[in-house]
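Visitor: For reference, the structure I am asking about is given below.
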Amino acid sequence: MDADVESSLRAERRSKNDKKLLRKQTKSSHTLLKHEGISTTSKPTQSLVVANGGLGNGVSREEVSALLQQMGEVETLLMPPHKPYAFVTYGSEESSRKAHAHLNGQKVQCGDNSVTLYLSYVESVPCEQQAGVTLPAGLALVEDFVSPEEEDRLLAAIDWSSTNGDVTAQKALKHRRVQHYGFEFRYDNNNVDKDKPLSAGLPAECLPVLERCLDKGHIKSMPDQLTVNQYECGQGIAPHVDTHSAFEDTILSLSLGAKTVMEFRHPDGGVVQVCLPARSLLVMQGESRHLWTHGITPRKSDTVPACDPQCTAHTTCDLGALKQLTLSRRATRTSFTFRKIRHGPCRCAFPSACDSQGAPSATPPPSLPQCGGDAARLEAEYVHRVYDAIASHFSSTRHSPWPRVCHFLSSLPPGSVLADVGCGNGKYLAANPEVFSVGCDRSSSLLQICADRGFQAFVSDALNVPLRTASCDACISIAVIHHFSTPERRLAAAKELLRLLKPGGRALIYVWALEQEHQQQKSKYLKDRNLPEERDSTNRQDGAHQRPAGDDKLSVHTNRTAFSSQDLLVPWHLKEKSPKGSKDSSPNSPASRKCPSVTPRGIANSPAPVFHRYYHVFQQGELERLCAQLQGVRVLSGYHDQGNWCLILEKSLGDPVKSAGGHNS
């Protein structure tokens, strides 16, 4: 090939790559402005925003810092927690220009993932502050409480190969494995059988550690119960309060093998994250033990201080306020939790959370249904009765139609017939006044709200809608199908929507997503963590989410957090005072539990009813697989919208679909 031609081709390829890079860089700048409010500038400055180079992308401080320092002296590197970007300020504008020129489009390998960095100049970097946050009262963290040699001896003392359950009560739970010593903690009733001690006491290797705890004043008497939990990378434990009536005040938790982050949550919504280094001892007493829930979020890595600060007995570092943060890849962690059996009722200062003083104990939740009859009974108790009881309060929180649902409705031709199956309070029935809209719902209380607003709606089950086959131009099912408790019933609900449609008609389906964070964006559900009407202050006990293998009990979800399982109960906290004439009075249904409201100081006020709604949250692709079982339908589009998986379906021009309930005339 002629040298001039070859040179021209290389220049053309470079030009195409440069244009492609510029497009992606511009797109990343627009994304940062839209979702984060970060304004970039074309004028070179000493500071850059590094898109895709943040802790939220799985990029550690060490990885991105090593790359940035190749371009010149780095004055500051700010990595906000859980964000997919970082800010770097160089010592000179020349270094910043060099980074901008050479690192744009650079790929970085972070564990199993590869990310591409896009850098843009910024006029200013957010204020970097380091602040402290007070630990829950009664909580203390002591680092390096055991030596590396003691750590090895303790880990070696646990025989995970043992099959004699009468000695150590070994269990293989869904998210960890566990052994009990002294007494078995029973996950079926969240308590211990105090009259049946295990034949093996606490391992002898633990005695020097416990004697040191006595000498240091961390405990007043020797524990007689030990729970050993082993967590593999990515595993965790749901938020819980150790049962008051089962154990005395002080609980010791020794972390071995690897560090993790434990989250403490107060019933008033306060959250404190505490980094637990390997070989550290956590002491829980008083309020921290009796009132605050504690748990470990299942994930592969944690955001931690880049250099572990020395923690005192009363303060720790607020991970949201630190500028020196990095990622800590999780490894196998083993915790030794020491407790002393309580032989009398608890008389703590927190009756709102105390099962000895009238607060509800952790009643085992219902099981997943094994047949259609079980499913109908579960849904009657944990869906239909709940929505009838909370209708007024629920409606007051559901007043804003979702834009993408409204876009679907506004696209319908004038004169179209629309069926809103599971219409709730009817907020979509008036979204397009040029179509004839009719709604149906199982909740007569919600339908009364529809009637008061002048909407056309009737009581009906979504599996058996009393409308003629092929009578509707469009159907919507917004947040309905996820309330059906078996795959067969979820499929039947989708089939019923299709039956109602005319050939060529369209249906829009929304279901709650397991993935509440999608494409590096958290849903509003996760962002609004402290909304009072759905704050979860139930007194869940140890192991409430973690079910033994083969156990099909439903887990109780912690509101405003990521989902740990697909089939779960989601709490709804009813307002104490209902609007005059509403039907959300104190419940008598088994689906509700009355939990006293709690002030920040832990003083009980009047009971506030707490209801639990059944949900099956859908994994990515699950809704498509469900609808693929339908005949005579094609998927027009699918998307993720604020923590929901959504599909738009179109009925083909073939034979009408028969109903699951028989309305075919």
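Visitor: Please state which one of LYS259, LYS300 is touching a Leu at 6+ places or on another chain (Cβ under 7 Å), touching a residue at least 24 places away in the same chain (Cβ under 8 Å), more than 29 Å from PRO345 (Cβ to Cβ) and open to solvent by 20 Å² or more (accessible area, probe 1.4 Å).
Guide: LYS259
Visitor: Does PRO360 satisfy the condition of being at pLDDT below 90, assigned to a loop (DSSP other than H, G, I, E, B) and open to solvent by 20 Å² or more (accessible area, probe 1.4 Å)?
Guide: yes
Visitor: Continuing with this model, one more query. Taking LEU48, is it modelled with pLDDT of 90 or more and part of a helix (DSSP H, G or I)?
Guide: no
Visitor: State the number of residues belonging to segment 454-478 that are in a loop (DSSP other than H, G, I, E, B) and touching a residue at least 60 places away in the same chain (Cβ under 8 Å).
Guide: 7
Visitor: As an exercise: evaluate PRO571 against (1) within 22 Å of ASN644 (Cβ to Cβ); (2) modelled with pLDDT of 50 or more; (3) assigned to a loop (DSSP other than H, G, I, E, B) and give the number of the one condition it does not meet.
Guide: All conditions pass for PRO571, except number (3).
Visitor: Within segment 270-278, is even one residue open to solvent by 20 Å² or more (accessible area, probe 1.4 Å) and more than 34 Å from the chain's Cα centre (by Cα)?
Guide: Within segment 270-278, not a single residue is open to solvent by 20 Å² or more (accessible area, probe 1.4 Å) and more than 34 Å from the chain's Cα centre (by Cα).
Visitor: Taking the residues in segment 621-634 that are assigned to a loop (DSSP other than H, G, I, E, B) and either open to solvent by less than 100 Å² (accessible area, probe 1.4 Å) or at pLDDT 95 or above (or both) as candidates, determine which candidate is farthest from LEU653 (Cα to Cα).
Guide: Filtering first and then ranking leaves GLY621.
Visitor: Here's a follow-up. How many residues does segment 449-467 hold that are surrounded by 19 or more Cβ atoms within 10 Å (Cβ to Cβ) and over 33 Å from the mean Cα position of the chain (by Cα)?
Guide: Within segment 449-467, residues that are surrounded by 19 or more Cβ atoms within 10 Å (Cβ to Cβ) and over 33 Å from the mean Cα position of the chain (by Cα) number 4.
Visitor: Please determine, by comparing only the residues of segment 233-271 that are assigned to a loop (DSSP other than H, G, I, E, B) and β-branched (Val, Ile, Thr), which one is farthest from PHE563 (Cα to Cα).
Guide: THR250
Visitor: Picking from SER477, SER443, which residue would you name as being of a type in the set (Gly, Ala, Ser), within 30 Å of the chain's Cα centre (by Cα) and modelled with pLDDT under 95?
Guide: SER443
Visitor: Just the residues that are closer than 22 Å to ALA462 by Cβ and among the hydrophobic types (A, V, I, L, M, F, W, C), please, taken from segment 496-526.
Guide: Residues satisfying the conditions are LEU497, LEU498, LEU500, LEU501, ALA507, LEU508, ILE509, VAL511, TRP512, ALA513, LEU514.
Visitor: Of these, ARG490, ARG506, which one is in a helix (DSSP H, G or I), in contact with a strand residue (DSSP E or B) (Cβ under 9 Å, 6 or more places away or on another chain) and basic (Lys, Arg)?
Guide: Only one candidate qualifies: ARG490.
Visitor: Just wondering, is there one or more residues in segment 406-416 that are open to solvent by 10 Å² or more (accessible area, probe 1.4 Å), among the hydrophobic types (A, V, I, L, M, F, W, C) and part of a loop (DSSP other than H, G, I, E, B)?
Guide: yes
Visitor: If LYS194 satisfies every condition in (1) open to solvent by 30 Å² or more (accessible area, probe 1.4 Å); (2) assigned to a strand (DSSP E or B) but one, which is the exception?
Guide: The single condition LYS194 does not satisfy is (2).
Visitor: Return the total of residues in segment 279-314 being at pLDDT 90 or above and out of contact with any strand residue (DSSP E or B) (no Cβ under 6 Å at 6 or more places or on another chain).
Guide: The number of residues fulfilling the criteria is 6.
Visitor: Need pairs with beta-carbon distance below 6 Å; first residue of a type in the set (Ser, Thr, Tyr) and within segment 387-407, second surrounded by 14 or more Cβ atoms within 10 Å (Cβ to Cβ); sequence gap 6+ or separate chains.
Guide: Here the result reads TYR387/SER443; SER392/SER578; SER392/SER582; SER392/ASP584; SER395/ASN425; SER395/ILE449; THR397/GLU533, each pair linking segment 387-407 to a residue that is surrounded by 14 or more Cβ atoms within 10 Å (Cβ to Cβ).
Visitor: Quick check, is VAL556 open to solvent by less than 30 Å² (accessible area, probe 1.4 Å), modelled with pLDDT of 95 or more and either within 30 Å of HIS82 (Cβ to Cβ) or aliphatic (A, V, I, L, M) (or both)?
Guide: In short, no.
Visitor: Where residues in segment 429-443 are closer than 14 Å to PRO401 by Cα and either touching a helix residue (DSSP H, G or I) at 6+ places or on another chain (Cβ under 6 Å) or in a strand (DSSP E or B) (or both), which of them is least open to solvent (accessible area, probe 1.4 Å)?
Guide: ASN432
Visitor: Of all residues in segment 468-501, which are open to solvent by 40 Å² or more (accessible area, probe 1.4 Å) and in contact with a helix residue (DSSP H, G or I) (Cβ under 9 Å, 6 or more places away or on another chain)?
Guide: Residues satisfying the conditions are ARG468, PRO487, GLU488, ARG489, LEU491.
Visitor: Quick one: which residue in GLU576, GLU533 is more than 30 Å from PHE338 (Cβ to Cβ), at pLDDT below 50, of a type outside the set (Lys, Arg) and not in a loop (DSSP other than H, G, I, E, B)?
Guide: GLU533
Visitor: Of all strands (runs of 3 or more DSSP E) completely enclosed by segment 70-119, which ones contain at least 1 residues that are surrounded by 14 or more Cβ atoms within 10 Å (Cβ to Cβ) and modelled with pLDDT under 90?
Guide: It comes to 74-78, 107-110, 113-116.
The values are calculated or read from the model by the stated rules, or taken from the named source; none is laboratory data. These figures come from a predicted structure and were not determined experimentally. Note: ideal-geometry Cβ built from the backbone for every residue, glycine included; neighbour counts use all protein chains shown. SASA here: full protein model, heavy atoms, side chains in, ligands and nucleic acids out. Shrake-Rupley method; radii C 1.70, N 1.55, O 1.52, S 1.80 Å.
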